[in-house]
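Notes follow the structure.
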Amino acid sequence: MSDIKTIGFVGTGIMGASMCGHLQGAGYDIRVHNRTKSKADALVANGAVWCDTPAAVAEGSDVIFTIVGLPCDVESVILGSDGVLSGAREGSTIVDMTTSDPSLARRIYDEAKVRNVASLDAPVSGGDVGAKNATLAIMVGGDRESFEIVLPLFEIMGKTIRYIGSGGMGQHCKMVNQILISGTMVGIAEAFTYGAKAGLDMQTVLGVVSTGAAGSAALSVLGPRVLKGDFEPGFFIDHFVKDMTIAAEQAEKMHLNLPGLVATLQRYIETTEQGMGKKGTQGLCKSVAENNGVQL
């Protein structure tokens, strides 16, 4: 869009650094802030302007993206005293790409609208690989007009971009995504443990089952990592626990009984108690195998 000149980006961690890098590579001027400044060094070295606060990022930006950790972080960086909204000028757009609470997304939408600032909740799926390869799935809530304005930027960062509905609906869609993934990861962990205990060559097994009805993106991307003993994060277990907790809380508000989600959440909480919260979600495979005395 010719009227979007400067993009603000708050949160340059595992996901955000790559996402912001794609926008920078597309020729946009970038203003950036991150809690740990060193994680923005590469972007700054390539010409991004460092800002000391999220508000300062917003002051000079047409569109401001945020992708941080927890809902409390979202609330702080957007609605806090030095948050994005306090510095956003009229007519600008805030886009939170964190997986967060749908109710908070709606609150941000409402408070931004009072200030004549647009707000989109646009959580993503695809992990670090999707962020690096610009193949993320992006699910967007907010006003359709605002979505259309930001769409060219989404297309720089992702491959599958969908408008879901009004403010907060992007986050609800992400909860659907996380419920699906949570059950899949339990299946992968238990299947790999079973196969290893039975004495199967799991590389061969993976090559067979991933092409059939049991195939999934999680199996294709994370399965090889598990068999290599690579449990480093594309997405932190701690953050996955956060996501599933939000999903469980939202389900309770809607008077839904989702025992599979509750059981999976508890299993992941136990994994964090084993000291694996900073590992990737595939760490559940290691936990399940070790609890059964199995070496993957």
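The values are calculated or read from the model by the stated rules, or taken from the named source; none is laboratory data. Everything numeric in this text was worked out from a predicted model, so none of it was measured. A quick note on method: Cβ atoms are made from the backbone with ideal geometry, for glycine too, and the neighbour counts reach across all protein chains shown.
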Problem set entry | Filtered residues of the range 1-37 (kept if among the small types (Gly, Ala, Ser), touching a helix residue (DSSP H, G or I) at 6+ places or on another chain (Cβ under 8 Å) and not in a helix (DSSP H, G or I)) | Gly8, Gly11, Gly13, Ala26
For this session: Any residue in the range 147-160 that's more than 16 Å from Phe9 (Cα to Cα) and without any contact (Cβ under 8 Å) to a residue 40 or more places away in the chain: show its pairings with residues that are of a type in the set (S, T, N, Q) and crowded, with 16+ Cβ neighbours inside 10 Å at Cβ separation under 9 Å, as long as the two are six or more apart or on different chains.
Result: Thr160/Ser125
Exercise. Any idea which of Thr98, Thr93 is under 16 Å from the mean Cα position of the chain (by Cα) and assigned by TED's automatic domain parsing to the domain that holds Phe154?
Worked result: Thr98
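Every residue, every condition in (1) of a type in the set (Phe, Trp, Tyr); (2) surrounded by fewer than 17 Cβ atoms within 10 Å (Cβ to Cβ), yes or no:
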| site | (1), (2) |
| --- | --- |
| Ile14 | no, no |
| Thr36 | no, yes |
| Ala42 | no, yes |
| Gly47 | no, yes |
| Cys51 | no, no |
| Ser61 | no, no |
| Phe65 | yes, no |
| Val77 | no, no |
For this session: Identify the single condition in (1) surrounded by 22 or more Cβ atoms within 10 Å (Cβ to Cβ); (2) not polar (S, T, N, Q); (3) not in a helix (DSSP H, G or I) that Ile164 does not satisfy, given that it satisfies every other one.
Result: (1)
For this session: Within the range 275-287, count every residue that is part of a helix (DSSP H, G or I) and either touching a Gly at 6+ places or on another chain (Cβ under 9 Å) or not assigned by TED's automatic domain parsing to the domain that holds Leu219 (or both).
Result: 4
Exercise. Just for the range 242-266: of the residues that are part of a loop (DSSP other than H, G, I, E, B) and hydrophobic (A, V, I, L, M, F, W, C), which one is surrounded by the most Cβ atoms within 10 Å (Cβ to Cβ)?
Worked result: Leu258
Exercise. Taking into account only those residues within the range 217-232 that are part of a loop (DSSP other than H, G, I, E, B) and under 19 Å from the mean Cα position of the chain (by Cα), which is farthest from Leu284 (Cα to Cα)?
Worked result: Glu232
Exercise. Among the helices (runs of 4 or more DSSP H) confined wholly to the range 50-155, which include 3 or more residues that are touching a strand residue (DSSP E or B) at 6+ places or on another chain (Cβ under 9 Å)?
Worked result: 54-59, 84-87, 102-114, 127-133
Exercise. Would it be correct to say that Gly195 is of a type outside the set (Val, Ile, Thr) and surrounded by fewer than 18 Cβ atoms within 10 Å (Cβ to Cβ)?
Worked result: no
